[in-house]
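All remarks here apply to the structure that follows.
The values are calculated or read from the model by the stated rules, or taken from the named source; none is laboratory data. All values derive from a computational prediction rather than experimental measurement. Glycine also receives a Cβ, built like all others from the backbone with ideal geometry; neighbour counts cover every protein chain displayed.
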Amino acid sequence: MNTHRRTGLAIAAVMCGAAVAAGPAAEAIAAPAPTSASSVVTPQPLSAQGSADTAKGAATVQAAAHRQWRSWISGDYLNRHGKKWVSQPYKAKGKWAGAFVRCYNERAQMRVRILNVDAGRYIADTKKVCNPDASIKVWSNKFQRGDKLKIILMGNQGSYVSAYYKN
């Protein structure tokens, strides 16, 4: 029964998407195109700078960050455990590993570190004052694929901690 529902839902979604996509296209086909000289657009050659910017944009899209996991760490936990939280070991799925901390209190000092368990050294470290409108971010590519990493959070306020990766 679930397969039948999923199939029906998928078909309905495709049909809705096709109807939305065909709506403006059908209107454009039915309306006559203006042919006055003022509406004619001449193609302009792309400059080298424009193509370089386009290439950078394409690389940025490919290098988007993906969240691997996320956890809420309460301020009570941090205060009861020496103002320190250590994640379980995990393997980053990409060439870059990142840690984001979202804190909700102004003027609180938070420190975020990424530890390479296999190499026994810290590969990223930052100590910042929290801003409730932004997160504290730290990135590193100083590890081999398959290495086990840990995120270490030091501070005294509740925060969301997330592990991210990029290829």
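Could you list, in sequence order, the residues of segment 100-143 that are in a loop (DSSP other than H, G, I, E, B), modelled with pLDDT of 95 or more and either under 21 Å from the mean Cα position of the chain (by Cα) or within 19 Å of TRP72 (Cα to Cα) (or both)?
ASN141, LYS142, PHE143
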Candidate set from segment 114-141 (those that are of a type in the set (Val, Ile, Thr) and surrounded by fewer than 17 Cβ atoms within 10 Å (Cβ to Cβ)); member that is farthest from VAL101 (Cα to Cα): VAL117
Across segment 40-93, which residue is nearest to the chain's Cα centre (by Cα) among those that are more than 30 Å from ALA108 (Cβ to Cβ) and either surrounded by 13 or more Cβ atoms within 10 Å (Cβ to Cβ) or at pLDDT 70 or above (or both)? ALA63
Name, by its number, the condition in (1) touching a helix residue (DSSP H, G or I) at 6+ places or on another chain (Cβ under 8 Å); (2) farther than 15 Å from LYS83 by Cα that does not hold for GLY155. (2)
